[in-house]
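Chemist: Sharing a structure, written as structure tokens. Questions coming.
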Amino acid sequence: MTTLQTTLMTPEITVADIPDGSADKRLWQLFNPSTTTSSTEMLVESRISEMIHDFLSTADFSSSIEFKSLVRKFSDSRIPAEPYEVTKYLDRLSDDVVIHSTRTSSPRFIGHMTSALPYFMRSLGKLMAAMNQNLVKIETSKAFSPLERQTLGMIHRLIFNQADEFYDRHLQNRESTLGIITSGGTLANITGLWCARNRTLGPQDGFGGVESEGLAAALEFYGYHGAVIIGSNSMHYSFEKAADVLGIGRQNLIKVRSDRHNRLDVAALRKKIEECRLQKRHVIAVVGVAGATETGAIDPLPEIAEVAREAGTHFHVDAAWAGPLLFSRRYKHQLTGIEQADTVTIDGHKQFYLPMGLGMCIIRNPQLAKSIEKQARYIVRPTSADLGKRALEGSRPSTVLFLHAALHIIGHSGYEILLDEGIRKTRYLADSILSRLEFELLQEPTMNILVYRYLPERYRQLAASGELSDSDNQIINEFNVRLQKSQREAGFSFVSRTMINSTRYRTGKPLVALRTVIANPITTESDIDEVLLDQLEIASRLESKSEF
């Protein structure tokens, strides 16, 4: 039995009797701030601040360590027998983790939907961890519960723009749900489709509904031979997860063709819905994409909304990326039709510039989420005002604080500037690519995602005349894979890569594309120039060492 265990079992012995510096004393002090000296905590805070400063002030996006070497640092699966000193652990964290982590804040890291954060998020993160609120229940969050409802109401108004009377009635009404905070866009998409499934296959005439009796019984009761979700081939892969967990299967996630601009073909959608009707397959939902992950393309939302309305099916919009365009007077027209959606997904950790781990499903009808409500006698009771009873996740952290703070500190006008600037700089990148024979723009950008590729010298004239063969494109594909990998491994700058079908080459063969995401507010035109120059230098070395 340890000294601490003896202390807790023997009333006449106090924590003060435990020797200073002992492992037992340190363990107790980890949880009791009144026994932690200010100098100790200040030392820890100072060390972490130093690590953060060094990490954020480095322009390169990554260290040059090989991943295999990095993995070897984490090959021991034994839990330490004795507790580490906090400062000792921080030294190890700095040497093995922080220095080798990806600097998503780097102005030359322009390949993914993650970027620099406003400085106040770091301090809010510390506050959030210290308070440790659990938004499953008012009893474990109290003030955060109405704060969450208010924040979701703000985003609901941004999308659906209902009258003041609507928000006066529903914002803090325990019977209403204007949205649900999730840990990301994947769960937000699943939540929207979960609502759709339960509402359209709900209880009726003595039947308990899909929630109670299962999908097979529900389809049989309603006279269907199957269930489907329909969207374009630009749908995020989270919809494959949704089809899985909702019980319909991936083969019943129907992806209709897109046009050459990667926008859903509405005529093909109408045809597919009619086919499903004739086959007695229940269309759980039609999905519109607002900001395709690979290209940034936005589906024709008004037309899709009309088709969904005519078919009497749920309309879900995945606006995880493009949703914040609603802040921009210049570009919000691209999201016309989103206000007709039944549910909308937005990711806070994308263009709201919040830390990772915050998504949201915004719900037009405040009563819709009742279709997924769950209760428990000890925590989420029928009469409670807890949003936790209408969320897929149980315990949830107070990440909504980040969004609430950003909406106030950055504000509507601040977000408008950030969005407009990202699109302007993307246009600068597009023009830079068009001005160079070495690169080929594969698609005009819709907003601030851009896809292009490098052309080895022997293929440039053929590309200019549109005469590249499938075998030519395959060789160019392989070259661009090598180029992207080499750039990534060097650690100076970064773009991602993908494969796209919708280009001016009507071969049906996908092309490897270099993919950029220009969302980081501190990325400048000079940074963009450096990324391209880095690619040109790497490509020159690769060409000199091969048959290109």
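Chemist: For the range 351-372, give me each residue that is touching a helix residue (DSSP H, G or I) at 6+ places or on another chain (Cβ under 8 Å), part of a loop (DSSP other than H, G, I, E, B) and not hydrophobic (A, V, I, L, M, F, W, C).
Modeler: Q351, Y353, P355, R364, P366
Chemist: When the range 139-154 is examined, which residues are found to be farther than 17 Å from G357 by Cβ and either among the small types (G, A, S) or buried (at least 20 other Cβ atoms within 10 Å of the Cβ) (or both)?
Modeler: Within the range 139-154, A143, S145, R149, G153 qualify.
Chemist: Checking I13 against (1) at pLDDT 90 or above; (2) over 35 Å from the mean Cα position of the chain (by Cα), only one condition comes out false. Which one?
Modeler: (1)
Chemist: Please return the ranges of helices (runs of 4 or more DSSP H) entirely within the range 455-548 where 3 or more residues are touching a helix residue (DSSP H, G or I) at 6+ places or on another chain (Cβ under 8 Å) and either within 25 Å of Y353 (Cβ to Cβ) or not assigned by TED's automatic domain parsing to the domain that holds L442 (or both).
Modeler: In the range 455-548, 525-544 are the helices (runs of 4 or more DSSP H) which contain 3 or more residues that are touching a helix residue (DSSP H, G or I) at 6+ places or on another chain (Cβ under 8 Å) and either within 25 Å of Y353 (Cβ to Cβ) or not assigned by TED's automatic domain parsing to the domain that holds L442 (or both).
Chemist: Against the definition (in contact with an Asp or Glu (Cβ under 9 Å, 6 or more places away or on another chain), crowded, with 24+ Cβ neighbours inside 10 Å and among the aliphatic types (A, V, I, L, M)), how does A322 come out, yes or no?
Modeler: no
Chemist: Within the range 492-539, can you find the residues that are at pLDDT below 95, over 28 Å from the mean Cα position of the chain (by Cα) and among the small types (G, A, S)?
Modeler: Once the filter is applied, which keeps residues that are at pLDDT below 95, over 28 Å from the mean Cα position of the chain (by Cα) and among the small types (G, A, S), the range 492-539 yields only G508.
Chemist: Ok, one more. Give the residues of the range 197-212 that are among the charged types (D, E, K, R) and over 11 Å from I372 (Cα atoms), sorted by residue number.
Modeler: Selection gives D205 alone.
Chemist: Of the residues Q162, Q150, only one is out of contact with any strand residue (DSSP E or B) (no Cβ under 6 Å at 6 or more places or on another chain) and without any contact (Cβ under 8 Å) to a residue 24 or more places away in the chain; which?
Modeler: On inspection, the qualifying residue turns out to be Q162.
Chemist: Across the range 174-223, what is the number of residues that are in a loop (DSSP other than H, G, I, E, B) and either among the aromatic types (F, W, Y) or without any contact (Cβ under 8 Å) to a residue 24 or more places away in the chain (or both)?
Modeler: Going through the range 174-223 one residue at a time, the tally reaches 5.
Chemist: Still on this structure: Looking at (1) in contact with a helix residue (DSSP H, G or I) (Cβ under 6 Å, 6 or more places away or on another chain); (2) over 30 Å from R329 (Cα atoms); (3) modelled with pLDDT of 95 or more; (4) surrounded by fewer than 21 Cβ atoms within 10 Å (Cβ to Cβ), which is the only condition R436 fails?
Modeler: The failed condition is (1).
Chemist: Cβ-Cβ distance below 7 Å, separation of 6 or more or different chains: which pairs start in the range 119-139 with a residue that is under 27 Å from R174 (Cα atoms) and end on one that is of a type in the set (D, E, K, R) and at pLDDT below 90?
Modeler: So the pair list comes out as V136/D386; K137/D386; I138/D386.
Chemist: Could you list all residues from the range 336-349 that are within 23 Å of H112 (Cβ to Cβ) and surrounded by fewer than 24 Cβ atoms within 10 Å (Cβ to Cβ)?
Modeler: Listed by number, the list holds a single entry, H349.
Chemist: Okay, moving on. Looking at the range 273-285 only, could you name the residues that are assigned to a helix (DSSP H, G or I), touching a residue at least 24 places away in the same chain (Cβ under 8 Å) and surrounded by fewer than 20 Cβ atoms within 10 Å (Cβ to Cβ)?
Modeler: Answer for the range 273-285, where residues must be assigned to a helix (DSSP H, G or I), touching a residue at least 24 places away in the same chain (Cβ under 8 Å) and surrounded by fewer than 20 Cβ atoms within 10 Å (Cβ to Cβ): just R277.
Chemist: Residue under question is Y428, and the condition is that it be assigned to a helix (DSSP H, G or I), of a type in the set (S, T, Y), touching an Asp or Glu at 6+ places or on another chain (Cβ under 9 Å) and at pLDDT 95 or above; does it hold?
Modeler: Yes, satisfied.
Chemist: Which of (1) buried (at least 21 other Cβ atoms within 10 Å of the Cβ); (2) under 20 Å from M131 (Cα atoms); (3) at pLDDT 95 or above is the odd one out, the single condition Y415 does not satisfy?
Modeler: Tallying (1) buried (at least 21 other Cβ atoms within 10 Å of the Cβ); (2) under 20 Å from M131 (Cα atoms); (3) at pLDDT 95 or above, Y415 fails exactly one: (2).
Chemist: Kindly indicate whether E165 is surrounded by fewer than 18 Cβ atoms within 10 Å (Cβ to Cβ), out of contact with any Ser or Thr (no Cβ under 8 Å at 6 or more places or on another chain) and either of a type in the set (G, A, S) or not in a loop (DSSP other than H, G, I, E, B) (or both).
Modeler: yes
Chemist: Check off (1) closer than 28 Å to T182 by Cβ; (2) surrounded by fewer than 18 Cβ atoms within 10 Å (Cβ to Cβ); (3) touching a residue at least 60 places away in the same chain (Cβ under 8 Å) for P83 and give me the number that stays unchecked.
Modeler: Here P83 meets the rest and fails (1).
The values are calculated or read from the model by the stated rules, or taken from the named source; none is laboratory data. Small disclaimer: the values here were computed from a predicted structure and weren't measured. Counting neighbours? That spans all protein chains shown, and the Cβs are built from the backbone with ideal geometry, glycine included.
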